[in-house]
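One structure is given here, and the rest of the page talks about it.
A short reminder: the numbers here are calculations on the coordinates, not readings from a lab. Everything numeric in this text was worked out from a predicted model, so none of it was measured. Here the Cβ is made from the backbone with ideal geometry for all residues, glycine too, and neighbour counts use every protein chain on show.
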Amino acid sequence: MTIKGLWPDNLKPLSSAVGVSPEDILVVQAKDLTQKTNKTLQGEIERSSQGEWLTLDFYVLVPALDSYRYHLLKVRHKVPPYPAQIFVPGMNKDKPWLAKDSKHFENVLKVVFQSANVRKVLGELIAYAESKRK
């Protein structure tokens, strides 16, 4: 008796299933931070997984400080990627924000990136990095 494969022959990605993923959005934001600070600060994304969860950690890298890394936020999601959980140390304690789609995810990131807390940390990192260049 021969056992045949049962999977369909036409498996392919669903183009509209995901839209823009949290990782896609974070990569753009990492590049934007790097460009807007003339590489004084650089955005870096690390991806990992645990069970059915994918995790994205966003770090701010400071090359002038021996590549010091500041952990800005963590995003967790399953497949499909929404809703996505967003954890920001010092801002939302242990309760994550939930982004229901890519637009909502971008809106939450905008609030985080433009917050007084994040602006203060980034300003201090830039000042410290520039003092080490002199």
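General remarks:
- Scope segment 49-63; condition among the polar types (S, T, N, Q) and either surrounded by 17 or more Cβ atoms within 10 Å (Cβ to Cβ) or over 15 Å from PRO81 (Cβ atoms) (or both); matching residues: GLN50
- Taken over segment 66-82, residues that are surrounded by 14 or more Cβ atoms within 10 Å (Cβ to Cβ) and not hydrophobic (A, V, I, L, M, F, W, C) amount to 8.
- Residues of segment 24-61 classified as under 17 Å from the mean Cα position of the chain (by Cα) and either over 22 Å from ALA127 (Cβ atoms) or among the β-branched types (Val, Ile, Thr) (or both), total: 19
- Out of GLY90, GLY43, one residue alone is under 30 Å from GLU130 (Cβ atoms), in contact (Cβ under 8 Å) with a residue 24 or more places away in the chain and among the small types (Gly, Ala, Ser). It is GLY90.
- Of all residues in segment 107-127, at least one satisfies being under 17 Å from the mean Cα position of the chain (by Cα), touching a residue at least 12 places away in the same chain (Cβ under 8 Å) and closer than 29 Å to PRO13 by Cα.
- Given (1) surrounded by fewer than 16 Cβ atoms within 10 Å (Cβ to Cβ); (2) out of contact with any Phe, Trp or Tyr (no Cβ under 7 Å at 6 or more places or on another chain); (3) touching a residue at least 12 places away in the same chain (Cβ under 8 Å); (4) not aromatic (Phe, Trp, Tyr), index of the condition GLN85 fails: (1)
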